[in-house]
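Below is one structure, written out as structure tokens, with a few remarks after it.
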Amino acid sequence: MAELTTLESLLEMGFGRNRVERAVANTGNQGIERAMDWLMEHEDDPDIDEPYVQPVGNILGEETTNQSSTEPSSLVDTTEGQCASGDGSFTENSDGEKMQMTEEEKREQVKRLEELMRSKQAERRERERAEEVDREKQRRKHGQELQQVRQKLQDDEMKKLADQRRKEKMEDKLARQRVKDKIARDREERAQKFGGGAPAVPGPAQPTPTSPTSQGPPPSKKEYEESKIQIRLLDGSTITTSFKAQEPLAAVRVYVQMNGNTPEGQDFMLLSPYPRQVYTELDMEKPLKELNLVPSAVLFVAKK
């Protein structure tokens, strides 16, 4: 009787029969409040409106013979509880007699149940709203942590680029200084080779005494056997190596191709910045000594 009264009450509240039968069966006929809780929790189930099939031997609204014989007191208590609490279709008068509920009493019961349903729905919405707020807080927290990681990676990358620029500037400064030093050495060597000072004013020739000790061959220029060449590549990096003074400039070109990280198939040319000179294919066959690239020189690699 308790299940039937729960069914009737829920049906009068507007719930579908399939839903009501599932709620009563899954809550073990423990009252309308438990059934309503189950309905709210499972209202989005895909099979909520499909016909409910009772297990064999357990017909909705009835008890099996074994249950009736072994648990008579619990069934009576459940039925009486439903009647006393107003969840069933019966009520008790002052003499303790059970009476059939009138239509007005049934409407009042349904009204109370609907108010209880609305209260539970409001509690559920409030709980879901609080859970949503917590999820949003977690999402923002994770977003902030991710942003901090990205900012740190960006700062590290900027620091790395700044260090690379400082290193390149230092290498450029050293390369320019080496070029200046080479120019100064070349000037000094030319001055020693050709002499210096202001030209003498022509006048009558004066015989100068000669002596065997004052006469002799002019000092010879020092002969260098090697040339140390610094090569600045297309990407701004530099490589330095030594070549024999009699090796052709083509040896330098081959060395750049093998060690200069030049893209395969990329044609390039060699040039000297101070004084500026672009070396041609004919120059490639000339020795370094003939091209004045001894004892040291700085060459640049440029695209054709």
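For region 17-42, which positions are modelled with pLDDT under 85 and either in contact with a helix residue (DSSP H, G or I) (Cβ under 6 Å, 6 or more places away or on another chain) or over 18 Å from residue 115 (Cα atoms) (or both)?
29, 30, 32, listed by residue number.
Please go through region 142-166 and pick out each residue that is aliphatic (A, V, I, L, M) and under 14 Å from the mean Cα position of the chain (by Cα).
Correct list: 146, 149, 153.
So residue 31 passes all but one of these: (1) in contact with an Asp or Glu (Cβ under 7 Å, 6 or more places away or on another chain); (2) surrounded by 15 or more Cβ atoms within 10 Å (Cβ to Cβ); (3) of a type in the set (Gly, Ala, Ser); (4) on the phi < 0 side of the Ramachandran plot. Which condition number does it fail?
All conditions are met except number (4).
Under 30 Å from residue 224 (Cβ atoms) and at pLDDT 90 or above: is that true of residue 178 in this structure?
Taking the combined requirement at face value, the residue satisfies it.
Could you tell me which of the residues 186, 155 is modelled with pLDDT of 90 or more and outside the structural domain of residue 237 (by TED's automatic domain parsing)?
Unique residue meeting the criteria: 155.
Please work out which residue is modelled with the highest pLDDT, limiting yourself to region 2-16 and to residues that are buried (at least 18 other Cβ atoms within 10 Å of the Cβ), farther than 13 Å from residue 116 by Cβ and aliphatic (A, V, I, L, M).
Restricting to residues being buried (at least 18 other Cβ atoms within 10 Å of the Cβ), farther than 13 Å from residue 116 by Cβ and aliphatic (A, V, I, L, M), the top hit is 7.
Looking at this structure, is residue 124 free of Cβ contacts under 8 Å to residues at least 24 places away in the same chain and in a helix (DSSP H, G or I)?
Taking the combined requirement at face value, the residue does not satisfy it.
Considering each of 237, 296 in turn, give the residue that is touching a residue at least 12 places away in the same chain (Cβ under 8 Å), under 20 Å from residue 179 (Cβ atoms) and within 47 Å of the chain's Cα centre (by Cα). First the steps, then the outcome.
Working: 296 fails: within 47 Å of the chain's Cα centre (by Cα).
Of the residues listed, the single one that is touching a residue at least 12 places away in the same chain (Cβ under 8 Å), under 20 Å from residue 179 (Cβ atoms) and within 47 Å of the chain's Cα centre (by Cα) is 237.
Report, by residue number, each residue of region 248-287 that is surrounded by 15 or more Cβ atoms within 10 Å (Cβ to Cβ) and touching a residue at least 40 places away in the same chain (Cβ under 8 Å).
The answer is 248, 249, 252, 256, 260, 287.
Of all residues in region 112-141, which are at pLDDT 85 or above and acidic (Asp, Glu)?
Within region 112-141, 126, 128, 131, 132, 134, 136 qualify.
If you go through region 1-17, how many residues are touching a strand residue (DSSP E or B) at 6+ places or on another chain (Cβ under 9 Å) and in a helix (DSSP H, G or I)?
Number of matching residues: 1.
Does any residue in region 18-36 that is part of a loop (DSSP other than H, G, I, E, B) come within less than 6 Å, Cβ to Cβ, of a residue that is at pLDDT below 85 six or more places away or on a different chain, and which pairs are these?
29/2; 29/3
Among the residues in region 78-93, are any of a type in the set (A, V, I, L, M, F, W, C) and modelled with pLDDT of 90 or more? So that I can check it myself, show each step before the final result.
Of all residues in region 78-93, those of a type in the set (A, V, I, L, M, F, W, C) come to 83-84, 90.
Right, trim to modelled with pLDDT of 90 or more and you get none.
No: zero hits.
The values are calculated or read from the model by the stated rules, or taken from the named source; none is laboratory data. Being a predicted model, the structure only gives us computed values, none of them experimental. Reconstructed Cβ throughout: ideal geometry from the backbone, glycine too, with neighbour counts over all protein chains shown.
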